[in-house]
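Down below is the structure, laid out as structure tokens.
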Amino acid sequence: LWKACGPTIESLWGRVAPGPAPAAPSRPGFGEGSEGWTENAVALLRIAARTREKGIALRVCLLPHPSNFAKQTARHELVATFCREHGIAVSDALPRFIAAGKSPRAFRLNLVDSHPNAAYNEVVAGVMFDALTADGFPPTP
């Protein structure tokens, strides 16, 4: 999402939440201090600060690429740890995909198009439903 829309999101977000962005620590294994890590971490911290100010619940859901799931574990753990360290609720869909025991190809549109298919979206929906239910949504009357 950041690669596709990041500059636009950052530009629009700057209008909504002006002021200096919080500093993002560098993390080994993520291009230590890389521009990509810093930009994404700062953007997430700004969103988290703004949602807290407005009393809006925020939960990050980590979604794996439908390729080698095992190779993504360290990166997912890194981002999940960052979120927890900053008080950001986080759910990681990767363990559910691994537990499914299927080839990552089973979650792609086809062999040449790695976009997620309906089976992928079903797994993500389950992860998000479980997280939101645990968070108390929908509120009981």
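The values are calculated or read from the model by the stated rules, or taken from the named source; none is laboratory data. Computed from a predicted structure; not experimentally measured. No Cβ is skipped: glycine too gets one built from the backbone with ideal geometry, and neighbour counts run over all protein chains shown. Accessible surface is based on the protein model in full, side chains and every heavy atom, while ligands, DNA and RNA are left aside. Shrake-Rupley method; radii C 1.70, N 1.55, O 1.52, S 1.80 Å.
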For this session: Using the 2.2 N^0.38 Å rule of thumb for compact globular proteins, work out how the stretch 90-141 stacks up: its C-alpha Rg over that value, please.
Result: 1.36
For this session: For the stretch 62-141, report the accessible area per residue in Å² (1.4 Å probe, heavy atoms, rounded to an integer).
Result: 62 Å²
For this session: Compute, for Glu77, the solvent-accessible surface of its heavy atoms (probe 1.4 Å) with the complete set of protein chains present, and express it in square angstrom to the nearest 10.
Result: 110 Å²
Seminar exercise, completed: Long-range amide H partners of Val60, meaning residues 5 or more apart or on another chain whose placed amide H is closer than 5 Å, are Ala89, Val90, Ser91
Problem set entry | Label point distance in nm, Asn110-Arg96, each placed 7 Å from Cα along Cα→Cβ | 2.7 nm
